[in-house]
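Comments concern the structure below.
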Amino acid sequence: MLVIGGIQGDEPGGFLAASIVATDYNITKGSLWVVPNLNFPSIIQRNRGTKGDMNRKFGHIDQDDPDFKAVTNIKKVIADQNVSLVLNLHDGSGFYRPNYINEDENPRKWGNTCIIDQERLEGAKYPDLNAIATRVKDKINENILNQKHTYFIKNTQTAKGDLEMLKSLTYYAVTQDKSAFANEASKNLNAEQRTYYHLLAIEEYMRVVGIEFTRPFKLTVQDVKKAIEKEIRLSFYDDAFVLNIHNLKGALNFVPLKKSEINYSSSNPLIAVIKEQNGYKVQYGNRFVTRLNPQYFEHVEPLKDISLIVDGKNLNAKSGDKIGVKNSFNIAKQSEIRTNVIGYNSKNIDEAGENITKNRMLKSFSIDKEGNVYRVEFYKKQEGKDKFAGMILVEFR
Ligand SMILES: [Zn+2]
């Protein structure tokens with residue numbers, strides 16, 4: 001089974017759900033492929049498509065279209081012989097109803113629907129599209145938060161002449177004999193409610209194809225919100241500089257980046273670091289996280305062996321680690337290395353060997369809004385210059 005999120009960047013329910021499945025779920029039987037961020041440029045810019053609607057480019061796409069590579073690649077994945085069911089996740093307007101009720105609930109709306117292009121697809125592994133979508137719809141409706149959210153099936157009858165839907169991803173999948181579905185969560189709902197409904201759908205489609213899984217949380221809106229907001233690790237230059245994204249301040253100053261290049265990786269596929277005029281900004285999907293105001297340094301190999309005393313106990317750390325501290329920490333002196341605890345004012349240039357408690361820290365230098373997490377940075381003198389040699393985070397708990 002193939003799950004796709006983020007074909008349109010302004011539909012966070014779909015890409016957050018796909019991302020949570022990719023990062024948090026454990027598949028114990030069968031095979032699930034997840035593409036959580038298909039149109040990543042539009043996700044981080046929070047628009048429907050940076051160069052028009054990607055979901056209308058599956059019939060034909062020009063070679064010079066900026067989406068050409070993404071569309072061509074995902075078509076190959078869809079057509080792969082290992083894929084038998086394709087699920088594309090969307091957030092749609094209002095609430096679909098078979099009959100007109102009001103402006104928000106009527107047949108023209110897409111929100112809270114299980115979408116099929118046709119009743120059946122002969123030759124596909126799971127030919128009865130309508131029966132499968134009905135099973136998923138019923139499962140969602142058993143877990144509905146509010147009667148107004150009731151899911152319906154929407155059959156776009158694409159092959160009968162829906163010129164727009166003929167250009168869509170799911171219809172392309174149908175032409176490849178893949179059982180294809182779209183799940184829509186209403187844009188009237190908040191992000192965690194949309195994600196909740198998408199996860200209910202993804203899980204039921206997995207059951208349809210016999211995929212078994214575990215997840216580390218209960219499927220409730222509250223736990224889904226926690227999964228969306230849980231701490232995310234963002235590492236620069238192979239753990240030379242690390243941020244744990246959770247409750248971060250809107251701007252971080254004097255970030256020791258290399259002038260020549262930015263290089264990062266994250267535990268979450270929706271994290272992007274984007275160049276701006278005077279630095280960088282960090283995005284988590286549609287959400288702005290923080291701005292990095294750099295102070296450029298040359299880097300040397302980040303320290304792999306940092307000795308410190310935390311609350312009276314000896315510890316070893318390496319660059320990029322986050323250390324929990326109850327009362328105090330004390331970084332061991334190292335030859336040729338200068339320790340700089342950001343937000344701590346010592347009389348000494350090298351702040352190693354000092355017992356540091358939270359009340360000595362200046363809250364304005366913490367990386368988080370609460371004033372609990374601080375950067376401890378290491379610099380090496382070389383050729384008369386200070387070169388950045390890695391860092392750890394300390395978190396007062
Ligand atoms: Zn959409």
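Numbers below:
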| read-out | value |
| --- | --- |
| Size of the range 173-222 as Cα extents on the principal axes (Å, biggest first) | 38, 28, 11 |
| Net charge, Gly5 excluded, C-beta distance under 13 Å - Lys, Arg +1, Asp, Glu -1 | -3 |
| Histogram of C-alpha separations across the range 231-397, 5 Å bin width, % | 2, 9, 18, 22, 22, 15, 9, 3, 0 |
| In nm, spacing of pseudo-spin labels at Gln277 and Ser346 (7 Å Cα→C-beta vector) | 3.8 nm |
| Accessible surface, the chain, averaged per residue in Å² (probe 1.4 Å) | 46 Å² |
| For the range 2-228: Kirkwood Rh in Å [reciprocal of mean 1/r, alpha carbons] | 17.4 Å |
| Rounded Å value of the spacing that divides the Cα centres of the range 1-71 and the range 294-344 | 39 Å |
| Share, in percent, of DSSP beta bridges within the chain that are antiparallel, nearest 5 | 65 percent |
| Spacing of the two label points (7 Å from each Cα toward its C-beta) at Lys218 and Lys381, in nm | 5.9 nm |
| For Tyr172, net neighbour charge (Lys/Arg +1, Asp/Glu -1) across residues whose Cβ lies under 15 Å away | -1 |
| Residues listed by number, the range 272-314, amide nitrogen under 20 Å from Ala251 label point at 7 Å toward C-beta | 273-284, 287-297 |
| FRET efficiency for Lys322 and Ala131, using Cβ-Cβ distance with R0 set to 51 Å, rounded to 0.05 | 0.55 |
| Using distinct alpha-carbon pairs, which all enter the 1/r mean, Kirkwood radius of the range 207-280 in Å | 15.2 Å |
| Estimated [θ] at 222 nm from DSSP helical runs (n ≥ 4, -39500 (n - 2.57)) normalised by residues in the chain, nearest 500 | -6000 deg cm²/dmol |
| Reciprocal mean inverse distance between Cα atoms of the chain - Kirkwood radius, Å | 23.3 Å |
| Segment Lys226-Glu336, length gained on full extension (0.36 nm per residue, minus Cα span) | 35.3 nm |
| Heavy-atom accessible surface of the range 85-222: percent carbon and sulfur, 1.4 Å | 45 percent |
| Calculated FRET efficiency for the pair Ser265/Tyr296, C-beta based, R₀ 35 Å, to 0.05 | 0.95 |
| Charge context of Lys304, other residues only, Cβ under 13 angstrom, K/R +1, D/E -1 | -4 |
| Protein accessible area in the range 231-397, 1.4 Å probe - carbon and sulfur % | 46 percent |
| Percent accessible area from carbon and sulfur atoms, the range 27-72, protein chains only, probe 1.4 Å | 50 percent |
| Qualifying trypsin sites (Lys or Arg not before Pro) in the range 84-123, DSSP loop, other Cβ atoms within 10 Å at most 11 | Arg108 |
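The values are calculated or read from the model by the stated rules, or taken from the named source; none is laboratory data. What you are looking at is a predicted structure, and each value in this text was computed from that prediction instead of being measured. When we count neighbours, we look across all protein chains shown, and the Cβ atoms used for this are built from the backbone with ideal geometry, even at glycine. The area values use the complete protein model at the heavy-atom level, side chains included, leaving out ligands, DNA and RNA. Shrake-Rupley method; radii C 1.70, N 1.55, O 1.52, S 1.80 Å.
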